[in-house]
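S.K.: Starting off with a structure, shown below.
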Amino acid sequence: MTRKIIIDTDPGQDDAVAILLALASPELDVLGITAVAGNVPLPLTELNTRKICELAGRPDMLVFAGCAAPLKRKLVTAEYVHGRTGLDGPDLPEPTMPLQDKHAVDFIIDTLRAEPAGSVTLCPLGPLTNIATALNRAPDIAERVCQIVLMGGAYFEVGNVTPAAEFNIYVDPEAADIVMKSGIPIVIMPLDVTHKALTTGPRVEAFRAIGSAVGTAVAEFTDFFERFDMAKYGSEGAPLHDPCVIAYLLAPELFTGRTINVEIETASELTLGMTVADWWGVTDRAANALFIGDLDADGFYKLLTQRLARL
Ligand code: BDR
Ligand code: CA
């Protein structure tokens, strides 16, 4: 049985690797990919999404453009991490596959209404603007979603864009708040786990050794953004954040976490976008997410490399 998913994304080199992992995995039926503004503005994230689909040999994939700005705030981008294009590193050709006419939010709503209830999983890899807009506009879809598995937030690692907040949540905290309060079963891949999924030298060389266009591109993506993370954290490599979402769908046994309450700070200027995670169970607030804390990093990279080699 394949699992139907919609990937919502702001590529981003790590988003690109996540999309490639999904498209390489026969267990997943990617119904469509929706782009959102985040790492770079929307015209670039939708373009980058199409470049990645063509790299994967999937020009037939349905790609939709969504929200160009957060619900209530000005867009904050991250060219300082991902480069001017959002996908700096390999020189990928301009895509020829079309962008779909439909708005991403309409695609999400229509798909959830058309598919059997409980059969579609949402995989957000960027700010949650498209997902929250869909929930605002069509509250009936909440009970039709199988699960949301998202990359965002942090508890022990606290913040990467401010001292308190992780980028995806910080960019649109109001959207994240709506998603966290939706009642949908949620799995969160925070920095606590993604900072353990580091691209070491041998792991990047394993991508390169695949010897295909995809393997080479993935090695060049990591070569590019590694520099930033290694200088910032002094770590031996860079975290491959977003592929953790897809890897969880394929091999949940690689991950461990706790089912806890997670709330989003939307008021304080100082801690805006913080994921206030009740890891230690010190409140009586109801659990609303499985918050992942650890992974088998070798198992994760083995899975990723094996799957990428299929493309
Ligand atoms: C998240 O922010 C983006 O820069 C990455 O693509 C990832 O989704 C990590 O904080
Ligand atoms: Ca992302």
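S.K.: Say whether the condition of being within 14 Å of ligand 2 (Cβ to nearest atom), of a type in the set (D, E, K, R) and at pLDDT 95 or above is met by at least one residue in region 22-31.
M.R.: no
S.K.: Which of (1) out of contact with any strand residue (DSSP E or B) (no Cβ under 7 Å at 6 or more places or on another chain); (2) within 16 Å of ligand 1 (Cβ to nearest atom) does HIS195 not meet, given it meets every other one?
M.R.: With respect to (1) out of contact with any strand residue (DSSP E or B) (no Cβ under 7 Å at 6 or more places or on another chain); (2) within 16 Å of ligand 1 (Cβ to nearest atom), HIS195 is out only on (1).
S.K.: Follow-up. Any residue at all in region 291-310 that's among the basic types (Lys, Arg), farther than 13 Å from TYR155 by Cα and within 19 Å of the chain's Cα centre (by Cα)?
M.R.: Yes - at least one qualifying residue is present in region 291-310.
S.K.: Given the residues THR222, THR200, which is the only one that is among the hydroxyl-bearing types (Ser, Thr, Tyr), away from ligand 1 (no atom under 14 Å from the Cβ) and either at pLDDT below 95 or at positive phi (or both)?
M.R.: THR200
S.K.: Could I ask something else about it? In region 7-46, how many are more than 16 Å from LEU308 (Cα to Cα), in contact (Cβ under 8 Å) with a residue 40 or more places away in the chain and away from ligand 1 (no atom under 16 Å from the Cβ)?
M.R.: Residues meeting the conditions: 2.
S.K.: Name the single residue, out of those in region 9-49 being charged (D, E, K, R) and surrounded by fewer than 22 Cβ atoms within 10 Å (Cβ to Cβ), that is farthest from the chain's Cα centre (by Cα).
M.R.: Applying the filter and picking the extreme gives GLU27.
S.K.: While we're looking at this one, here's another question. Out of GLY89, GLY57, report the one residue that is in contact with a Ser or Thr (Cβ under 9 Å, 6 or more places away or on another chain), under 25 Å from ALA219 (Cα atoms) and of a type in the set (Gly, Ala, Ser).
M.R.: It is GLY89.
S.K.: Within region 62-81, can one find any residue that is among the β-branched types (Val, Ile, Thr), within 16 Å of ligand 2 (Cβ to nearest atom) and over 23 Å from PHE228 (Cβ atoms)?
M.R.: Checked against the condition, which is being among the β-branched types (Val, Ile, Thr), within 16 Å of ligand 2 (Cβ to nearest atom) and over 23 Å from PHE228 (Cβ atoms), region 62-81 yields at least one hit.
S.K.: Please work out if ILE131 is of a type outside the set (Ser, Thr, Tyr) and within 15 Å of ligand 2 (Cβ to nearest atom).
M.R.: Taking the combined requirement at face value, the residue satisfies it.
The values are calculated or read from the model by the stated rules, or taken from the named source; none is laboratory data. No experiment lies behind these values; they were computed from the predicted model shown. For neighbour counting, all protein chains shown are included, and Cβ atoms are generated from backbone atoms with ideal geometry for every residue, glycine included.
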